[in-house]
Amino acid sequence: MSRVAIVTGAARGIGAATVTALAEGGWSVVAVDRCADDPRLPYALGTEEELDAVVERAGVLAGSRERIRSSVGDAAASDDMAAAVALAEQEFGGLDALVTVAGVIAGGVPLWETPPEQQEAVLDANLRSVLVAARVGIPALLRRPEPRAGRFVAVASAAATRGLPLLAAYCAAKAGVTGLVRALGAELRGTGVTANAVSPGSTATRILDESARLYGLESAEAFSSQQPIARLIRPEEVAATIVWLAGEATGAVTGASVPVDGGLSL
């Protein structure tokens, strides 16, 4: 019987790559995305068409479209996430891993000049969504019979430990994610469920494109010079680490933030 995962932010970027990698690895997956723009943000978010394309591609890799389901909903909304959990349990019999990838970015000016609504959007998508996922999803992970191997995996960022100018709210949200998984790792003591974060560096996604615009750069490729590997990270490289953490063999890893940052944190 295949393991079952929920992935938020699944329409594109790291979320889409994670759905694909899990499907290729034999998982059943519920792919969640809001599939709508946020009026508080000045750029477009993922669409239902993009989510459908991810699900179709993952279904091919999984060998069955029936093993991949989409769920349109806001990762920061408890009711929407509860619906995704219910879908996983009804369609696939339970939940083994909850992967929170949904995120946005905004800023480009000092914190005190950032429009309050943009700050709230960043905190909602990057931190509140992880809190909601933990509150709604961990009970489902614990409903699996012992001995269980539940996995809560959140995407943080190298920004959790680096002070990035003009992105203060984003840095605060991502630092909150790493603090949360440390606390969850302690709270889940002895349950067989672990909580970890993955902290990417500059990864070739739409968020990085928006970061380049905020900094007035010609393209996101300019960020590659910050990383010792001298290139941008591919979403598939981050997804590979997420899939590893979601697996049954990583029961000794909990409360950690695993860097996939091309050496940015050195």
Of all trypsin sites (Lys or Arg not before Pro) in segment 147-238, the ones in DSSP coil with at most 14 other Cβ atoms within 10 Å are Arg189, Arg231
Which semi-axes, in whole Å and largest first, does the equivalent ellipsoid of segment 78-148 have when worked out from the alpha carbon gyration tensor as the square roots of 5 times its eigenvalues?
33, 11, 9
Return the inverse of the average 1/r over all pairs of distinct C-alpha atoms in segment 34-164, which is the Kirkwood hydrodynamic radius, in Å to one decimal.
16.5 Å
Please turn the phi angles of segment 245-260 into ³J(HN,Hα) values with the Karplus equation 6.51 cos²θ - 1.76 cosθ + 1.60 (θ = phi - 60°), one per residue in order, whole Hz, x for glycine and proline.
5, 6, x, 6, 7, 9, x, 8, 10, 8, x, 9, 10, 8, x, 10
Cα-based Rg then Dmax for the chain, in Å, read 17.2, 53
Taking amide hydrogens as modeled 1.01 Å from N in the peptide plane, which residues meet the under 5 Å criterion relative to Ala154, leaving out close sequence neighbours?
Thr100, Asn196, Ala197, Val198
Inter-part distance where segment 215-232 and segment 96-139 are each reduced to a Cα centre, Å
24 Å
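Read-outs: derived from the displayed coordinates by stated rules, not from any lab. Bear in mind that the values here come from a model prediction, so they are computed numbers and not experimental data. Positions of Cβ are generated from backbone atoms using ideal geometry, with glycine treated the same way; all protein chains shown enter the neighbour counts.
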